[in-house]
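Every number in this text was worked out from the coordinates using simple rules, so none of it is lab data. Treat the numbers as computed from the prediction; the structure is a model and nothing was measured. In this analysis, Cβ positions are derived from the backbone assuming ideal geometry, glycine residues included, and neighbour counts consider all displayed protein chains.
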Amino acid sequence: MKYGFALFAFILITVTADAQRKVHKKWKQLFNGKDLSGWTPKITGHAYGENYGNTFRVEDGVIKVSYDQYDEFKEQFGHLFYKTPYSHYIIAVEYRFVGDQVKGGPGWAYRNSGIMIHCQPPETMHKNQDFPISIEVQLLGGDSTGERTTCNLCTPGTNVEMDGKLVTQHCVNSASKTFRGDQWVRAEVMVLGDSVVKHIANGDTVLVYQKPQIGGGSVTDYDPSVKKDGQLLSSGYISLQSESHPVEFRKVEIIDLEKEYRRKKR
């Protein structure tokens, strides 16, 4: 059984990687380089749509996550949601960390952001909810010394499976190298509904897991009717994080694999 599942996952990854190569020129730009059209913020303690402190803005052709209008962070975690949910796709961002962490930001959030996939609908988040129920592709930057991987996995209100076993720990490190300073890094995530998710850092596959599903903790003040533990996550919204350290995104693009998936099912 374990061998069969692993083979199934391998076939899915191989087929979709081949699809990626064939349609590599069909990237759709989710960020137009000019403004936040199609994107809406949800920041802890504030209503959906309120861009507190002008946290998310576009300057010089990049999305900037900034805190220059904050006196202190005060756990005001933010997420910038794209308007359309997706199921089978490849999402890519090019990001870099800049500047200094805002006063009051938690130590673990130093050079820390993320791509949230399979998010709950943002309008279902409570005003004081800190993170959407989702799968987080954690983006981390390294300090001048030591090692710190990126494209890790974190699970606010969710769990996943690896090698046929349920993984309930909140974060799992990837096999990526450490990216220091203000260099641009390209992170890609291949999402195949509720079957397989693959993290890629600068072209290297660094983490693979299966069966993303609702469950576990690490999310506060959620609507219990939304958190249906054990339910597989086959689709959802995409968001970018603000977690107290300035970060920039110069590109956000997607390849929608839904038609390819449906064609192969027939």
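Note on ASN54 and GLU75: the extension gain reaches 6.0 nm, defined as 0.36 nm multiplied by sequence separation minus the Cα-Cα distance. Taking volume of the Cα convex hull per residue in Å³ as the quantity of interest, determine which of (i) 197; (ii) 174; (iii) 126 was computed from the displayed structure. Evaluating volume of the Cα convex hull per residue in Å³ on these atoms matches (iii). Ordering GLN210, GLY230, TYR110 by the projection of their Cα atoms onto the charge dipole of the stretch 2-265, which places +1 on the Cβ of Lys and Arg and -1 on the Cβ of Asp and Glu, puts GLN210 at the extreme positive end. Taking the 0 to 90 degree range and rounding to the nearest ten, how far is the long axis of helix 2-22 tilted relative to the main principal axis of the chain, both from C-alpha atoms? Once rounded, the angle reads 70 degrees. A DSSP coil position with no more than 10 other Cβ atoms inside 10 Å describes none of the trypsin sites (Lys or Arg not before Pro) in the stretch 171-241.
Of the GluC sites (Glu not before Pro) found in the stretch 78-173, those that fall in a DSSP loop while having at most 10 other beta-carbon atoms within 10 Å are GLU147.
Taking ALA109, ALA187, ALA92 as the candidate residues, the one with maximal mean-square fluctuation in a Gaussian network model of the chain, Cα springs under 10 Å, is ALA109. Summary value for the stretch 210-259: 34 percent relative contact order, contacts being C-alpha pairs under 8 angstrom separated by 6+ residues.
Just to be sure I understand: with springs between alpha-carbon atoms less than 10 Å apart, which residue in CYS171, CYS119, CYS151 has the highest mean-square fluctuation in the Gaussian network model of the chain? Maximum fluctuation in the GNM of the chain, among the listed residues, is at CYS171.
Where only DSSP H runs of four or more residues are counted, the chain gives -3500 deg cm²/dmol as its mean residue ellipticity at 222 nm, each run worth -39500 (n - 2.57).
Relative contact order of the chain, taken over Cα pairs closer than 8 Å and 6 or more residues apart, is 28 percent.
Taking 31 Å as the limit for the C-alpha separation, the pairs LYS211/LYS264; LYS83/LYS211; LYS177/LYS251; LYS103/LYS165; LYS28/LYS264; LYS177/LYS211 exceed it in the case of LYS103/LYS165.
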